[in-house]
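The values are calculated or read from the model by the stated rules, or taken from the named source; none is laboratory data. Remember, predicted model here, so these are calculated numbers, not experimental data. Methodologically, a virtual Cβ is constructed for each residue, glycine included, from the backbone with ideal geometry; neighbour enumeration extends over all protein chains shown.
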Amino acid sequence: MLQRAELTKYFKSTLFIPQLKSKTKDAVLKELLDLFVQVKYIRNRDLVLEMLHQREKLGSTGIGKNVAIPHGRTTATSDVIVAFGRSEQGIDFDAIDKKPVHLFFMVIAPPHDEGNVYLPILGSLVTVLNLKKNRDKLLKVNTFEEFIEVITGES
Amino acid sequence: MAKTSLELLVSLQDLDLMIEEADEVKKLGFSVTGSTELIKAREELAKSISRPLLSRYEQLRAKIKRAVVPVKDDICLGCFLRQPTSRGVRGREDEQIFTCENCGRMLYWLE
Ligand SMILES: [Zn+2]
């Protein structure tokens, strides 16, 4: 597990979408992934998109309670980065509890990652998002700064 | 567009990493029900890769776990050695695949 303050290092204001446009599972994976492409964190969008689709075959990353954490390692990146997106109306993401997903965290990691933080990041996100008060706050944040405060537990 | 041999290897490795870590991801609270399907997809993908290249991948994987690694700022992210600007040593079987002179991993340039 990773300390919550540590966790914030892996978010970027450029990878933060408080109002997702997407309405389907496929579209939201692309919309989030495109952020990584724009900031040049990944080299080949199609390869990473394919990886994310394969990951969904392993089991939906919609973990329930309106949360999804699509993730995977790919050879097409060098850094561990997390993007956040929020959908007000919710998206059918094939989640384990069948509920629409409002909160999305996309975690992309290289094959090797310095300090082996990839799995601890996933674990910490699950822990933070298991708490209703954190989910409720994340549904309301307006800015990246407010978002980070929720992640660190300062708000 | 058809994938290059290197891109096929990248997809194969991405699948292998996913299969390898499935149990750990499950422990974290994710639903993991499609392992069989994923292994099948992996086998299918492997068929599309030339025999010599696939066996080179498998040998590297057995020896050093990650057979293909990204290169960023000319640094091999497998062993962190700077690659010469000549882009290292050319691979034997496939003209587009280069290997790290130091660790022998196949290289995937990020830029
Ligand atoms: Zn190397």
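Whether any residue in region B:47-59 is within 14 Å of chain A (Cβ to nearest Cβ) and modelled with pLDDT of 95 or more is what I want to check.
Keep residues of region B:47-59 that are within 14 Å of chain A (Cβ to nearest Cβ), which gives B:48, B:57.
Add one more test, that the residue is modelled with pLDDT of 95 or more, and what stays is B:48, B:57.
The answer is yes; a qualifying residue exists.
Per the conditions (1) part of a helix (DSSP H, G or I); (2) over 18 Å from A:T74 (Cβ atoms); (3) more than 16 Å from the ligand (Cβ to nearest atom); (4) not polar (S, T, N, Q), the sole criterion not satisfied by B:R56 is (3).
On the basis of being free of Cβ contacts under 8 Å to residues at least 40 places away in the same chain and either among the basic types (K, R) or within 23 Å of B:L6 (Cα to Cα) (or both), does A:P100 make the cut? In short, no.
Suppose we filter B:D23, B:D73 for residues that are acidic (D, E) and closer than 19 Å to B:E111 by Cα; which single one remains?
Numbers: B:D23 fails: closer than 19 Å to B:E111 by Cα.
Testing whether each residue is acidic (D, E) and closer than 19 Å to B:E111 by Cα leaves just B:D73.
If the condition is being closer than 13 Å to A:H71 by Cα and of a type outside the set (A, V, I, L, M, F, W, C), then region A:99-155 contributes A:P110, A:P111, A:Y118, A:P120, A:G123.
Has region A:86-96 got any residue that is touching a residue at least 40 places away in the same chain (Cβ under 8 Å), among the hydroxyl-bearing types (S, T, Y), assigned to a strand (DSSP E or B) and crowded, with 17+ Cβ neighbours inside 10 Å? Looking through region A:86-96, at least one residue is touching a residue at least 40 places away in the same chain (Cβ under 8 Å), among the hydroxyl-bearing types (S, T, Y), assigned to a strand (DSSP E or B) and crowded, with 17+ Cβ neighbours inside 10 Å.
Every test in (1) within 25 Å of B:K72 (Cα to Cα); (2) more than 14 Å from chain B (Cβ to nearest Cβ); (3) part of a helix (DSSP H, G or I) is passed by A:A83 save one, and that test is (3).
Looking at A:I121, is it at pLDDT 95 or above, part of a helix (DSSP H, G or I), crowded, with 24+ Cβ neighbours inside 10 Å and β-branched (V, I, T)?
On the way: at pLDDT 95 or above: yes; part of a helix (DSSP H, G or I): yes; crowded, with 24+ Cβ neighbours inside 10 Å: yes; β-branched (V, I, T): yes.
Answer is yes for this residue.
Restricting region B:26-57 to residues that are of a type in the set (G, A, S) and under 30 Å from B:C103 (Cα atoms), the residue that is surrounded by the most Cβ atoms within 10 Å (Cβ to Cβ) is B:A41.
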